[in-house]
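Here is the structure we will look at.
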Amino acid sequence: MDNELILKNKLKEYRQQKNLSQEELAKTVGTTRQTIISIEKNLFNPSAKLALLLCVALDAKFEELFYFD
């Protein structure tokens with residue numbers, strides 16, 4: 001039995017609801033478009049700081065934007 005928790009996110013959904021491009025969101029939180037792409041594809045887990053900046057930028061609570069699967 002595998003008990004590994006995998007952090008997933010709804011970043012793309014929330015970003016699109018705010019009509020933000022990946023580039024715009026990246027600039028807002030001080031990262032690159034490639035980082036946003038990697039997070040949206042669940043290839044990269046953001047640091048706690050970046051995750052919180054994304055929550056602020058998208059006006060979302062952490063538990064709304066990120067979840068374990």
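The values are calculated or read from the model by the stated rules, or taken from the named source; none is laboratory data. Computed from a prediction, not measured in an experiment: that's the story for all the values here. Cβ: placed from backbone, ideal geometry, glycine included. Neighbour counts: every protein chain shown.
Within segment 52-69, residues that are over 18 Å from Asn19 (Cβ atoms) reach partners that are at pLDDT 95 or above and surrounded by 11 or more Cβ atoms within 10 Å (Cβ to Cβ) with beta carbons closer than 6 Å, at six or more positions or on different chains, in the pairs Leu53/Val29; Phe62/Cys55; Phe66/Asn9; Tyr67/Lys8; Asp69/Lys8. Annotation: of all residues in segment 35-51 being in contact with a helix residue (DSSP H, G or I) (Cβ under 8 Å, 6 or more places away or on another chain) and in a helix (DSSP H, G or I), the one that is nearest to Lys10 (Cα to Cα) is Glu40. Among the residues making up segment 36-56, those that are surrounded by 18 or more Cβ atoms within 10 Å (Cβ to Cβ) and over 23 Å from Glu4 (Cα atoms) are Ile36, Leu54, Cys55. With respect to the conditions (1) aliphatic (A, V, I, L, M); (2) modelled with pLDDT of 95 or more; (3) touching a strand residue (DSSP E or B) at 6+ places or on another chain (Cβ under 7 Å), Leu7 falls short on a single one, namely (2). Candidates are the residues of segment 52-69 that are farther than 14 Å from Arg15 by Cβ and either part of a loop (DSSP other than H, G, I, E, B) or among the aliphatic types (A, V, I, L, M) (or both); the one that is farthest from the chain's Cα centre (by Cα) is Asp69.
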